[in-house]
Each structure stands twice: as structure tokens, then as C-alpha cells.
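Let me begin by presenting the structure, written as C-alpha cells, before commenting on it.
The values are calculated or read from the model by the stated rules, or taken from the named source; none is laboratory data. Since the model is a prediction, treat every value here as computed from it, not as a measurement. As a convention, Cβ positions derive from the backbone with ideal geometry for all residues, glycine included, and neighbour counts pool all protein chains shown. What goes into the accessible areas is simple: the full protein's heavy atoms, side chains included, and nothing from ligands, DNA or RNA. Shrake-Rupley method; radii C 1.70, N 1.55, O 1.52, S 1.80 Å.
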Amino acid sequence: MSEADPTTIGSTAPGHYGSASTALFLREATIATAWNVHGDAGSASLRAEVQRIARLVLPMAANTTSKGEGVTALWLGPQSWLLVAADAAALGDFAGARDAVNAAGGALFDVSASRIAYAVDGAPAAAIMAAGCPLDFHPRHFGAGQCRQSLYGRVPALFYRHREPPDCTMLVARSFAHDVWRSLCTAAAPCGYTVRAAAPFG
Amino acid sequence: MTQSHRLAAGGIVDRSRTLDFSFDGAAYQGHPGDMLASALLANGVHLVGRSFKYHRPRGIVTAGADEPNALVQLARGARTEPNTRATQQELYQGLAAASQNRWPSLRFDVGALNDVLSPLFPAGFYYKTFMWPPGPRWWLKYEHAIRRAAGLGHAPRNPDPDHYQHRHAHCDVLVIGGGPAGLAAAQSAARCGARVILCDENAAFGGSVRGAADAIDGAPPASWIAACVDQLAANGDVTLLPRTTAFGYYDQNLVGLIERVADHLPEPPPFTPRQRLWHVRAGIVVLASGALERGIAYAGNDLPGTMLAGAAQAYVSRYGVKPGTRAVIFANNDSAYGAALQLHNAGVTVAAIADARPQAALFGDHPQRARADGIPILPGSAIVRAHGRLRVAGVDLVSLGGGAARRIDCDLVCVSGGWNPAVHLYSQSRGKLRYDDALATFLPDVAPQAIVAAGAANGKFDLGAILSDGHAAGFVAAARAGFAAPARHAAPAADAVSTGPLLPLWSVPARRGAKCFVDWQNDVTVADVALAAREGYRSVEHLKRYTTLGMGTDQGKTGNIVGLALLAAELGVAIPRVGTTTFRPPYTPVTLGTLAGHEAGADLEPTRHSAMHDWHVEHGARMLNAGLWKRPHSYPRPGESEDDAANREAKNVRNRVGLVDVSTLGKIELQGRDVAEFLNRVYINRWDTLAVGRCRYGVMLRDDGMVFDDGTTSRLSATHYLMTTTTLNAVNVMQHLEYLLQVEWPELDVFATSVTEQWAAAALSGPMARKVLATVVSIDVSNAAFPFLAVGDCELAAGKARIPARLFRMSYSGELAYEIHVPVTHGRAMWEAVMAAGEPFGIMAYGTEAMSTLRIEKGHVVVGPEADGRTTADDLGMGKLVSSAKSCIGKPLLARPALTSPDRWQLVGLTAIDGMIPRGGKLVADPGQAAPIPMLGHVSSWCWSPNLDASIGLALLERGRARHGETLWAVSPLADARVRVRVGPPCFIDPEGERLRV
Amino acid sequence: MLLIPCPWCGSRNQVEFTYGGDATLKRPPPDAPVEAWYEFVYLRDNPCGPHDELWLHSAGCRRWLKVRRDTRTHDILASARPDQALPGGEP
């Protein structure tokens, strides 16, 4: 670990910041590919096409996710899902996939660069989320494998728990990322936090 | 002076450590656990402030949030805070406080002249006195002096050095108040498995029983409290929030809490917020906020040394402080006897208990014990007048049956007129109150939101009843939140105390002119209430506004019920008929910084950065706000002004080539079989003819026919389109399209998603643009292969890397131009590659200012200045775009006569004949004519055109298209500018558009 | 801050939503008389009591929804998808 200056709250360099406690960890979770699937959830052909492309079954229940080989599908709405892969090879060529999904009556949008993901882990993680987000992060209400869209401060954010709480990942639009990161760090500083090197999403 | 009034034992203060503090410059000592008020009393200091209107000397009256008098200014440099309640400010080492509302000193205050002149200042004196002579001029003259005389304390002058945080929280049961009822409720709710938040305004839980002599479950309260708190703290689903006030109750059980994280310290520790605002969404609320004691009005009832009896008891039992040496108690209920016994046991001489009730009512346990201890009790009597100047020196007692007054010397008067449950939050929740005749006060009744009151807040005043009420409320709350009770568990128990009835008594008649205070903080007297009633103020809300009863920082916590009872008596109606004033948040004052939280200063709003943001900053750009985005205004070179930089950049685009960051444009992708039909319906022009690989300019209207937004839409594949919007309307257009697709036309097979965040975009403009582009992209960009309005994918070489890119041949500047879109993650590499490729051709980055100049030279309209919500497409010279072959949003109302009138304001270009066109100028025919001068139009955009060497502008002008060639005046009275302008077509450069098609 | 039950996502804080106006309005056909359009674009009732409104779950699933809100109390009485009727018909 580098000798980061603990007072430079908002730095993305790995190191320890804020108060002395070391129970909280922040890092970027890298995303290679993110595709937004739109379509009729009741359409068997759409579901089959997505299964062929992403090798997973789209989650139909609100606020849930599903996983395939290297791909995670997050429910965004009754007609909208986000396919996320940390490795570009997991999803392949976009234009071909788009044409296939179009043919199946749905839509496929490449949003790979749109969002940046931050993983927050450690016992105070829920409190850090609650500093900016009105969602309920209690394990009874937001368990592993669930996702929800809401806000962090005033910035739209997608929250995802791929493991048991307290772990939580949030995805925010890239243009806001510097601001959200600083907000996260400010919220985390009173209890102290460690920035870790970026690691793949999932 | 070393704590002359501190008891040797008792209370929750830590006598092993001392803390130094100062008040009005004098040094004192106290102990950890003290409030500023208890520490002052321990040093024999009662006089702590001057009253608001009459500048009368005032002392500490309460021991909590209801304090009307002991408001001090905390001196902490930029952290100074006025109106701090000494009764709630924890003592810390080095605390420095000052009294307020006095000059030159607390003991000698010039403003006290107001007290002598008080016949001139009855209720409503503002409204009466300053109405004459009529007219605002005189009011302004008075106002200056009045404003200086009024007000308590002073606001900090420097920026707040602290930071504040917000926290959202969810719970099944929120318990407000950590006294015996709240602790019992939290305990039983937690036992059911509910998620519980327990908050209390004090540093420690326990409320009124902290330091008290009672026994709970056969043990001292301290051990019961400790066991209870330990048990709750060990439960992961319980959040304990001491030093936290529930200040507001909002819709759907949202409760606002203020946690004073660091107010008990000289300054917050590193990284720690001073205060934290909690937004708690509770399944159900248990309101265990206790009760507030009320006074009885008699002449001189505001002299320092006069306290509520419960407060005197708290200072003895909780803080180990003797608030006086010789006390007289004045009461109409049993609770004051507890205070009397406590004072008596602490060595204070209780000279008399004047009890308004007859002997027959004094059968309760506490009166009997007082009698047994030899305390003189005077049934059926009252204080009629207090003596003293800066401290009470004695009181005159009378028998309510008649007879002469008898003076008793004392330095402490303890008053109890009964107790009012702290129903503020219950009322804020829209809960209804009912009047209880036995307690002579309002109690919680029914509430539409999920809230239950418990303990003293619910009208229970016996400790055993308080504990069992809280215990039961916890189970009820948990059950209503869906948690079944485990095996029955007994409520904590306390010895039952027999209590006699209360006798309602609000005031004691006084001789004419004597002041009997109802509301100490606002100096409202019994006579003021009577005057208001005589003058026709029959509603309690009007009484409040007329007399200021119940205003100020304490919001009448001690005086309100007394005031409305007096009004009821004046009006001859029952108290419930008069009712209470509306309780509104906040319960106690809230620091504005806490409400703002993180959103202050540079973080007032979130900001958006494009992928090229750092490049702009590194290259000297002055950044500008565009909505939430930061955009480069211009790139001034050393020694160059911003205007010169923008002119240089704009000129370079016309002569060579420039690159501008347009990532902020809204980008929406559309897919589906019906996209062309959808575009036909939302744009004024036709889209079913757009071929794959082509783009087109489009204009959207609102339903009322006015221009809403403009941009281009490209067809990327048979079923895949990309729409761009203006930067400012990106969110609105997306929302508009989603509304149409989901609500109005769900039958259309169209899917839309915003891809603004996916693509970084730059516009390469100028005669050299093609030459620059050809060196970096993988496709043929000749005019034949990639003509005007072509769209295509390619690769862009950035060093050794090949970046996937999308090219658009479109122009905003009017020059040969291309837009280059790449995924945001490649934005900076693309930008640097194009800048490097352009270097041999003289490329310069240009900012929004040059971009604006270029578009004004071309007469392009923008949303805001020209499309200002009042202009149609025809007004802006785009009437021909409106397709006659189809309808679209906004078209049905375009046919209205006013929108087709030839007199409408139409877009024109202006060239200054002499001088510079003024910002926001109005167009008139003759500025010399007599006012009012008819306004013919206004300047919507203006700039210095470095390419024309002229001051030019765009304007909306009545019958503008028919006025080309006319000379008018652009005037700005604000800037004292009048400039002759020549009217012409809006496009100044290359009206045929040849440059962009080469 | 209200708590609004999104028909898809569940109850969420008001900050996630954008208000979209009166849900009882019916868009006239393009060739309807100008009076019908005038009414649709400009005329609004201001009911005291239950009111059906459109909201967009803008920071959530980005779906429009109907919400019945009591304008006197801010009580949220019901919500529904745009193509569904709120329980009990029009207020």
C-alpha cells in the first residue's frame, strides 16, 4: 500500500484516507462491455435471443439479477436490462447482436462506456450508501443478487449486490463519476477508508 | 468563584474532572456532564440575558429544549452561534459564551428603558405606531432603528468552517425520546425483532429519571438505564442516537432528526461533520417525547431566580447543583412537591409551598411526605407579586380566599402550573389532539399516520404508568410493523405514587400596570392577551400574530397553553373551542448548514465532466457552467484576454480549422420498426425518407406549437437511429419521448435509450477540416465518398491504437465540418490525435464563446435566446420545414390566428452602425420620442464578429422579415446605451451554404 | 418527501420521480377542432382531494405511472401503470 496522504479526500490513488479505522474499502470495478437490452419481457424469441448472445436467462422479477459465464444481467425496468461483462470477450460483436435482437422484436444499445462502477465493502458500507441514497440497504430488503436504481446525492445511480451485504457496487454515469467518488469519500472519511486498485466487475 | 452552589454528591456530573469556561468574560468552572446552564447555576449565576422587548433581566427557567430566556452567543470564531440554549449546550473545556440583547452590559442595559416606557409598547405597537404618518418613507425611517433594537444575538460573519452530512435511514419502529417510556418501548419493539431507531436530544439516555431517586425494578434508575442501553446497543438491528433531536414530521412517516455530532466539543475532530441530518422513514413512530412544564403568570414572574419546579428538581438531581438557598414553591399540582423534597434533601430551605388547591386536594404521597418533613404548606394560596431587581428577593403570598399579602424572603421561586405533553411532532404528523380536563392540557388523540404516543407525551405522569405505557407501545408498534410479540414479557415496574388532582390556574390577578408574563421570550403578558381579545382577535392564530405569543426560538413551549387558556377566559369559551396554534417544524431551531448538508459551496450541484475535461483545464481553458456540465469558454493564451482568445479561435475556424468539445449534446438512440413514424410525429419535418447512413436536422415543438428543441437525427441501420438534442434539453427531450411512447402511443414499436454518457464528441470545423480528418480516419472522407449529411463508422488512429469512431458530416459553424463520436473512454485519445493531426494545418481548440460567435454569424438559433418558449418555427425562419404531408406534436395549435399573424416578432440579423449592440437591448424606432416608447423587438444574441469586424446580433423584431434594410435603435436603459442598428437577414456569412458543402 | 409506490419497482422516495401533470387528460386526434386542443393544452382542474397524476420514475425504471394523490393531505392513495385504471375509476 502506498503512503497516501490521508487528508486528500477524493483521491483515487490506492491508500488509506480519513480517520484511522480500516474497516471500509472502495475501489473501481472495471467494466469492458455493457449492453442495454430493451423489449417485451413476455417475448420468448427475445429471451431466447438474449440467452444465445449472453448465455443467461434474463431476470424477470423487479430488482433482481442473473448471471451467466462472465456476464451479469441486471433488471432495470419491465422492458429494460443491463448486460455487464468485465471481459470484452464475454459478449462479442455488438452490431451482429443488435441486428439479431432487432429481428427478435427487441432493441440492443451499446452503453459500455456510459457507466463507471464503484465497489464499496466493509461493515460501514451501508452507512456510506445511506449518506447519499434513499434506498433501504438492510439485508432483509436488499440482499445478494439484487439491484435497484435510485440516486446518490442528486446523481442517478444503479446499486447492485453481487455478494452478501455489506458489499455493494454502484454504477453511475461517467460524466458524474468524479463528483460521486468525492461524495463517497467525504461520507467515508469520518470512519476512515482504504482505496484499493481497480479490479474487474463481478 | 469555585462552584459555590455545587452539591458534594449526586447527579451525573463527573466531579473528578473540572472544565474551565467563561460567561461574559468571567471565568468559571464546571464538570463533564454539566450543561452550560447547570454550570452557571453551580457558580451562583442566574442572570443570563435580557428580554426581547423590555430588556428585563432574565434567568434560567427550564432544564431543556423549552428554555425561553437562557439563550447565549457561543463565541467560537467563525463557528459562533447565536441563540444557543444554555440548558442544552454541553460544557466543554474552554467554552466561551456571552449574553445577548444587552448594551453595554448585562447588569446595566440601556435598552431596559423600554421597560419603563412599556405603556408605549403594548401588543401590536408596531402596527399601531408605525402606521403614521402614512406612506412607506416613514416606515423605512423607523425600520432601521427597530431592526437594530430587535433580534437576539448575531449571525456569524465568516464562512462556516464545518461540514455537515445527511443520512437516510429506514426502520420499523422509530422511538423519539429516550426517557423511561422510550427506553421501555425500544426494548419491547426490539425484542419482537423489529428494526428500531431510538433518538434522544440529550447526551445520555434516561430522560427525567437520570439521577432521580426513584427505583425501577427495585434498583436505582441508573442501573436500569445502563442495562437497557447495553441490551439495545448489542442488538445489530437497533440504532441508538443520543444528542439527536427529532425536529420535523413529514409525509408518509418521514421524520427529520438532527444529530449534534460535535457540538459538545470545542471543534469537530478531523473528517467529522459538525451535525448530521437524518431522513428517517419509519414504519411506525413511538412518540415518547415527554412533557413540558408550564408556568403561572403573576407579577414579576420573570425575575432571575424564578424557575419551573421540574427544572429546579433536575438541577439538583441530575447535575448536583443547588439553584438557590431559600426557596418558595408555587404550584397547582403534586409534581412540584417532588421538587420541594429534592431541594429540601439537598439542604435548600423551602420556606413555603404556596399551593392553589384546597387542603382536601393535598392527600397525595408527595404532599404528605413534605408535610412529614416539616415543609410549610399553604393551601389555597398563591404568589401575587415577586420582589427584586436582578434576582428575586422575596414574594408576596395571598390566600385565594382573600386577605392581606404576606412577604416571604427567598432567592429561588419554583413554579409549576402543570404539564403539557410534548405533542409537537404528533400534531405535525396531522394527529388530532383532545383536551383533558383533569390534566388541563391537550393529549394525543387519533392520527392518520402510523404514530403512537407513550409515557408523559401520552399524558402519563406516574413513573410506573410511564414504564408500562412505553413497554406496551413498543409491542403495539412492532405488531403494527408486522412483528409478532415473543412470549409475554413483564413491563419494568416502579412503585406506585398516589397523586391528588390538579387545579387549573393560569394567572394570579395583579395590580394595574404590573407585568405578569405568559411568554418570557417574546415578553407577552396577561394584559397583552386581554388587549388582543378586547380588540377582536378571537382566533388563537390571530392572537399569536398580534402579540407574538409562541413565536421565537422556543415557539411558546412554556407559555402557549397558558396564553390560549387566558384567551378562552377572556372570550368566555371553553379551552378546546380556542384550540392550539398549528405546530410546525422544526421542534427546536435547525442550523441551515445542516439542511444544506454536502450540497454547499463547490458541491452546491453535481457537476458533469466530458472525457476531454482534463485536457481543457491543462490547456488553460476557462471553464463555464452549461447546465450541470463544465465546458471550456475559451483557451486564453498567456497575456490574452478571454474575448481576444474567443475572437482568435472563431477567426481560426473560418480561415483554417478548429476543434470543439460537443460531448454535452444529448444523444438518444432509437430502435424498432416504427422509428420513422415516431420521428414524423415528434419533428415538424419528414423522416420516412431518411436513408441509412444519412442524417437530417429536425425541430420539435411543444404541444402549444412553440419550438421546444432542435438537433439532428441519423439513421445508423434499417432499424437503428441516433437523435441529438441541445445540451440543456437533453433530459427534457428524453422524458418527452418516453412519455409519448409509454403513455400516448404504446402501440409504436420503438425503444429509446439515452447514450449521452456513451459518446465523447468533437466537432472539427474549417476549410482544412477534411485534410486533418483524412490523416486520422480509416475511410475516404472526400466530398464524393462522404458528402454533406453523411454518417458512417470508421476507425480513428490515435498513436498505435485504433479507436472505433462514428463520423457525421454536419456543420454548426457554417464551415466544412465533421462531428467525431467515440466511446467516452477513448475521448481524450481521439481529441489529442485530432489536435496532433491538425497541427500542420494550424488547428486550434475553440470554446463555447467562439462557437456562439460562429453560429450568430450564420444566424443559427439556439434554445433559450431565440427559441425562448414564445417563438414558432416560422418566427425563427424555419416555417418551410413544417411538413404539410403529416401532423406532428404542436401542429394542431399552430393554425391559431395569433400564431400566423404578419405582426409577429420574427428573427432578423442586426449590424451596429456605430458602437456595440448592448446586451439585452430593446429595439425602438426613435429613442428620443416621449415615453412610453413602443418596443418593436429585442436583441436575443449579440457578439463581436472578428470575421466581419462588426458588432452584430440576432433579434426578434415585429414584422422583422419585412424590415430588412431599415435602421432602428437598440437601447438598454440599464447600460445607458443606445446604438443605431441596421436590420437584415439573420445569416451574415455564406447565406447559400456553399462552404459547408465543398 | 413522499413515498410513491412504483408499480414495477415498489415504494420509492419522491426524489426518484419527476412530476408529469394531470393523468386524466385525453390527447385529441390531430384533426380535432382547435377548441379540443385548447382544452387539452391549457385547461386544468385544480381539485381539492384525490387527483390522478402522471409521474415518471426518472431515477428508477424510467417508466411513467399514474398516481392518485390527495391534494389536501399528500396521502398517496394508489398507483398504476399508464395503461391501467386506478382502482375505483376516476376520482
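Some points to look at:
- Rounded, prolate or oblate (a/c below 1.5 giving rounded, otherwise prolate when a/b exceeds b/c) for the protein assembly as shown by Cα gyration tensor: prolate
- Rounded to the nearest 20 debye, dipole of the range B:865-935 from Cβ charges on Lys, Arg, Asp, Glu: 380 debye
- Relative contact order of the range B:398-446, pairs being alpha-carbon contacts under 8 Å that are 6 or more residues apart, as %: 27 percent
- The mean number of Cβ atoms from other chains found within 10 Å of a Cβ in peptide A:59-68 is 1, as a whole number.
- Nearest-10 value in Å² for the accessible area of residue B:520, using the 1.4 Å probe: 10 Å²
- Neighbouring partner chain Cβ atoms per residue of A:175-188, average, 10 Å criterion: 4
- Mean separation of Cα pairs under 8 Å and 6 or more residues apart, divided by the residue count, gives chain A a relative contact order of 31 percent.
- Those trypsin sites (Lys or Arg not before Pro) in the range B:764-823 that DSSP places in a loop and that have at most 10 other beta carbons within 10 Å: B:800
- Over the protein assembly as shown, dividing the summed -39,500 (n - 2.57) contributions of all DSSP H runs of at least 4 residues by the number of residues returns a 222 nm mean residue ellipticity of -6000 deg cm²/dmol.
- The mean sequence separation of alpha-carbon pairs under 8 Å and at least six residues apart, normalised by the residue count of chain B, gives a relative contact order of 9 percent.
- Positive minus negative residues near residue C:8 (Lys, Arg vs Asp, Glu; Cβ under 9 Å): +2
- Of the trypsin sites (Lys or Arg not before Pro) in the range B:928-998, those whose Cβ has at most 16 other Cβ within 10 Å and which sit in DSSP loop: B:959
- Cα gyration tensor, the range C:3-80 - rounded (a/c under 1.5), prolate or oblate: oblate
- Cα gyration tensor category, rounded, prolate or oblate, for chain B with a/c compared to 1.5: prolate
- When the Cα positions of A:184, A:127, B:176 are compared along the charge dipole of the protein assembly as shown, B:176 comes out farthest toward the positive end, with charges on each C-beta of Lys, Arg, Asp and Glu.
- Relative packing of peptides B:429-437, A:144-152 - highest average C-beta neighbours within 10 Å first: A:144-152, B:429-437
- Sparse-neighbourhood loop sites, trypsin sites (Lys or Arg not before Pro) in chain C - DSSP loop, at most 11 other Cβ within 10 angstrom: C:26, C:44, C:72
- Highest-first arrangement of B:371-382, B:609-620, B:36-47, where packing means the average Cβ count within 10 Å: B:36-47, B:609-620, B:371-382
- Taking every residue in A:97-104 and counting other chain Cβ atoms within 10 Å of its Cβ, the average works out to 3.
- Placing unit charges on the Cβ atoms of the charged side chains and taking the dipole of chain C about its Cα centre, the candidate lying farthest along the positive direction among C:47, C:88, C:19 is C:19.
- Placing +1 on each Lys and Arg Cβ and -1 on each Asp and Glu Cβ, with no other charges, gives the protein assembly as shown a dipole about its Cα centre of roughly 1700 debye.
- Kyte-Doolittle at least 0.5, axis length at least 24 Å by Cα - qualifying DSSP helices, chain B: B:463-480
- Proximal charge balance of residue B:397 [Cβ under 10 Å; K/R count +1, D/E count -1]: +2
- Net charge of neighbours whose Cβ lies under 11 Å from the Cβ of residue B:181, counting Lys and Arg as +1 and Asp and Glu as -1: 0
- To the nearest 10, the accessible area of residue B:844 is 30 Å² with a 1.4 Å probe.
- Debye, to nearest 20: dipole size of chain A, +1 on Lys, Arg Cβ, -1 on Asp, Glu Cβ: 300 debye
- Cα centroid of the range B:359-402 to Cα centroid of the range B:529-601, whole Å: 30 Å
- The residue list B:602, B:620, B:670 was ranked by how far each Cα lies along the charge dipole of the range B:594-674 toward its positive end, using unit charges on Cβ atoms, and B:670 comes out on top.
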